[in-house]
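The values are calculated or read from the model by the stated rules, or taken from the named source; none is laboratory data. Note that the coordinates shown come from a computational prediction; the quantities given were computed from them, not determined experimentally. Virtual Cβ from ideal backbone geometry, glycine too; neighbours counted across all protein chains shown. With ligands, DNA and RNA removed, areas are computed over all heavy atoms of the protein, side chains included. Shrake-Rupley method; radii C 1.70, N 1.55, O 1.52, S 1.80 Å.
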Amino acid sequence: MKDIVKAWNNALTFLYDRIDYERQDTPQQVQSFKLNRMHELMRRLGSPQQHLRIIHIAGTKGKGSTAHMIASVLQAAGLRCGLYTSPHLETLEERFVINGMACQPAKLIELVELVRPAVEEMDQLATTTGQHVGRPTFFEITTAIAFLYFHQQEVDLAVVEVGLGGRLDSTNVCQPCVSVITSISYDHVHLLGDTLHLIATEKGGIIKPGVPVVSGVQQDEPRATIQEIAQRRGSPLWSIQENFFIGDSDGSHESFDCLVTVGSQQKTWQQLQLGLHGKHQRNNAAVALAVVACLQQQGWDIPDEAVHRGLADVHCPARIEIVAKNPVVLIDTAHNPASVHSLVQYLETRPRAARNILVFATSCDKDVSGMLRLLLPAFDNVILTRYVTNPRALAVEELEQECQAVLATSENRELEQSIPFIESCEDPTAAWERVSMLGSPQDLICVTGSFYLAGEIRKLVAGTPASQIVS
């Protein structure tokens with residue numbers, strides 16, 4: 001047992017000692033990200049990604065939920081499906097999933113040891129040869145591990161989520177059978193550009209010549225950009241509201257229909273149920289269903305029953321995830337105004353709680369004021385904090401200043417009528433303890449602003465009751 005623990009700690013040290021743009025300040029120029037290093041690493045590992053049939057997913061928001069939906073449907077169809085997502089919420093193994101099961105620590109240790117020689121050879125060359133491509137980063141290594149793992153386990157299909165952007169993302173060394181772009185909105189503007197056209201250009205970089213593209217992008221400017229890239233590369237494009245559509249089954253909002261049209265062929269699914277909360281998830285489901293239709297056209301056997309069951313059973317942690325009741329505890333990874341808007345829309349559909357209590361923390365590179373302008377009117381109490389697992393967390397003092405600035409300049413009438421009570425806690429543990437004292441069974445507690453806050457609070461919910469919550 002001690003040997004396994006030691007090997008596990010060594011593996012984690014090897015990975016986390018690398019440059020990690022998820023947990024460190026990201027470079028100020030997108031040119032800092034290059035694919036030549038990733039190509040070299042994959043070549044040294046035998047290019048396992050070339051032997052995989054991959055669904056490659058980019059997008060500002062919705063890509064994680066869409067990836068989980070597609071994987072759930074494929075698993076329900078009896079296919080062996082790999083799923084690679086990032087970042088993880090609680091454990092590294094969450095990134096590498098096959099048919100709903102995360103990679104076991106012992107297997108991950110084995111995979112790290114397989115990639116270690118190639119990485120160390122590249123490290124040595126980077127030290128001795130000025131013109132070499134450089135030392136592989138944390139995300140490059142974990143992506144290589146995912147490709148290697150899925151190839152070893154002989155998955156039928158692998159669903160691979162882009163980490164950042166698309167064009168220069170480490171996952172973009174693959175040759176997919178379907179490329180997917182879920183949505184385009186403002187995020188990581190210092191890296192991807194400050195217009196929707198520039199952001200769409202970066203995300204559209206995953207489009208490969210002749211490979212079908214499924215797009216959930218609806219705004220005119222980025223939609224046109226995706227269309228232009230697809231046309232230039234000769235890639236068939238399936239777009240929402242043009243090739244596939246969603247609608248209520250019976251007006252009750254409890255089920256929905258989806259119609260996919262390609263050329264003269266039509267495919268309709270009726271009375272679908274979705275295991276994820278929020279009406280915005282229906283757009284993500286429509287994108288997932290268009291991918292399924294595309295795969296069916298390529299010859300994959302995915303029965304309608306598998307579609308219904310896969311969507312109904314899908315679970316995506318921390319996407320409007322209700323982890324407890326009495327009081328309701330809702331955890332969401334929203335970290336930009338577009339995803340916060342979807343969260344607030346969902347809250348408006350719920351029966352009003354005695355109090356809505358917000359626990360909020362975010363990263364220093366996010367549109368904090370944009371998120372707070374949407375969040376503050378929806379809550380009675382706000383607890384600001386700073387997560388501890390990532391140095392990019394914004395200081396509590398700066399969050400306080402952002403709140404005061406939003407309140408001082410707000411044109412929102414709801415805020416003028418009801419200003420929430422705002423307080424601060426130094427870390428998520430203190431914030432959860434405060435919620436435990438403050439919350440009553442009739443309240444709703446919402447945790448949002450970051451993947452890292454979601455992961456830290458999720459652990460605390462499992463171990464520390466808020467006012468003796470009853471799940």
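Please compute the Kirkwood hydrodynamic radius of the range 119-251 from all pairs of different C-alpha atoms, in Å with one decimal. Present the calculation step by step, with values, prior to reporting the outcome.
On the way: mean 1/r = 0.0594 Å⁻¹.
Result for the range 119-251 stands at 16.8 Å.
Name the aspartates and glutamates eligible as straight-distance cross-link partners of Lys325: C-alpha to C-alpha under 14 Å, and not fewer than 8 places from it in the same chain.
Correct list for Lys325: Asp443.
Could you tell me the ratio Rg/Rh of the range 1-140? Both radii from Cα atoms, Rh via Kirkwood.
Checking Rg against Rh, the ratio lands at 0.97.
With a Förster radius of 25 Å, plug the Cβ-Cβ distance of Val5 and Lys459 into 1/(1 + (r/R0)^6) and report the FRET value to the nearest 0.05.
Approximately 0.80, to the nearest 0.05.
Along the charge dipole of the range 241-391, which of Ile302, Pro391, Ser255 sits closest to the positive end, that is, farthest toward it, with unit charges on the beta carbon of Lys, Arg, Asp and Glu (+1, +1, -1, -1)?
So the residue we want is Pro391.
Can you send over the carbon and sulfur percentage of the accessible area for the chain, probe radius 1.4 Å, protein chains only?
Values: 9470 of 19670 Å².
Carbon and sulfur atoms account for 48 percent of the accessible area of the chain.
What is the distance in Å between the Cα centres of the range 73-122 and the range 195-240?
29 Å
Please identify every one of the GluC sites (Glu not before Pro) in the range 71-174 that sits in a loop by DSSP and has no more than 12 other beta carbons within 10 Å of its own beta carbon.
Those that pass, being in a loop and sparsely packed, are Glu154.
For the chain, with the dipole built from +1 on Lys and Arg beta-carbon atoms and -1 on Asp and Glu ones, taken about the Cα centre, which of His335, Gly100, Cys425 lies farthest toward the positive end?
Of the candidates, Gly100 comes out farthest on the positive side.
Which one, Ala76, Gly370, Thr349, is farthest towards the positive end of the dipole of the chain when Lys and Arg carry +1 and Asp and Glu -1 on their Cβ?
Ala76
Assigning unit charges at the beta carbon (Lys, Arg +1; Asp, Glu -1) and nothing else, what dipole magnitude in debye, to the nearest 20, does the chain show about its Cα centre?
Numbers: 39 positive and 53 negative charges, 189 e Å.
For this selection, approximately 900 debye.
Keeping all protein chains in place, calculate the accessible area per residue for the range 173-315 (probe 1.4 angstrom), answer in Å².
I get 42 Å² per residue for the range 173-315.
For the range 320-450, what is the per residue volume of the convex hull drawn over the alpha-carbon atoms, in cubic angstrom? Please report the intermediate quantities before stating the final value.
Working: hull volume 12.9 nm³, N = 131.
Cα convex hull per residue, to the nearest whole number: 98 Å³.
How much of the pair distance distribution for the range 122-166 lies past 11 Å, counting alpha-carbon pairs only, in percent?
Looking at the range 122-166, the distances longer than 11 Å represent 73 percent of pairs.
Dividing the alpha-carbon radius of gyration of the chain by 2.2 N^0.38 Å (N being the number of residues), what value is obtained?
Values: Rg = 22.2 Å, N = 471, 2.2 N^0.38 = 22.8 Å.
Dividing the Cα Rg of the chain by 2.2 N^0.38 Å gives 0.97.
If R0 is 56 Å, what FRET efficiency do you get for Ala106 and Ser264 from their C-beta distance, rounded to 0.05?
Numbers: r = 52 Å, r/R0 = 0.92.
Efficiency for this residue pair is about 0.60.
So what J values fall out for the range 176-184 if you push phi through Karplus, 6.51 cos²θ - 1.76 cosθ + 1.60 with θ = phi - 60°, rounded to Hz, Gly and Pro as x?
Working through the residues one at a time gives x, 8, 8, 9, 9, 10, 6, 6, 10 Hz.
Kirkwood Rh, Cα Rg: Rg to Rh for the range 47-127?
1.03
Which whole-Hz ³J(HN,Hα) couplings does the range 276-293 yield from phi under the Karplus relation 6.51 cos²θ - 1.76 cosθ + 1.60, θ = phi - 60°, glycine and proline marked x?
For the range 276-293, the Karplus-derived couplings read 10, 7, x, 5, 4, 5, 5, 4, 4, 5, 4, 4, 4, 5, 5, 5, 4, 4 Hz, x marking Gly and Pro.
Just to be sure I understand the model, the point goes 7 Å from the Cα along the line to the Cβ. What's the resulting Gln219 to Asn326 distance in nm?
The modelled label-to-label distance comes out at 4.4 nm.
R0 = 35 Å: FRET efficiency of Trp300 with Glu90, Cβ-based, nearest 0.05?
My answer for the efficiency is 0.60.
Which residues' amide hydrogens lie under 5 Å from the amide hydrogen of Val159, considering only partners 5 or more residues apart or on another chain, with H built in the peptide plane?
Answer set, sorted by chain and number: Ile55, Gly82, Leu83, Tyr84.
Please list the non-local residues whose amide H lies under 5 Å from the amide H of Ser363, H modeled 1.01 Å from N, same-chain partners needing a gap of 5 or more.
Leu394
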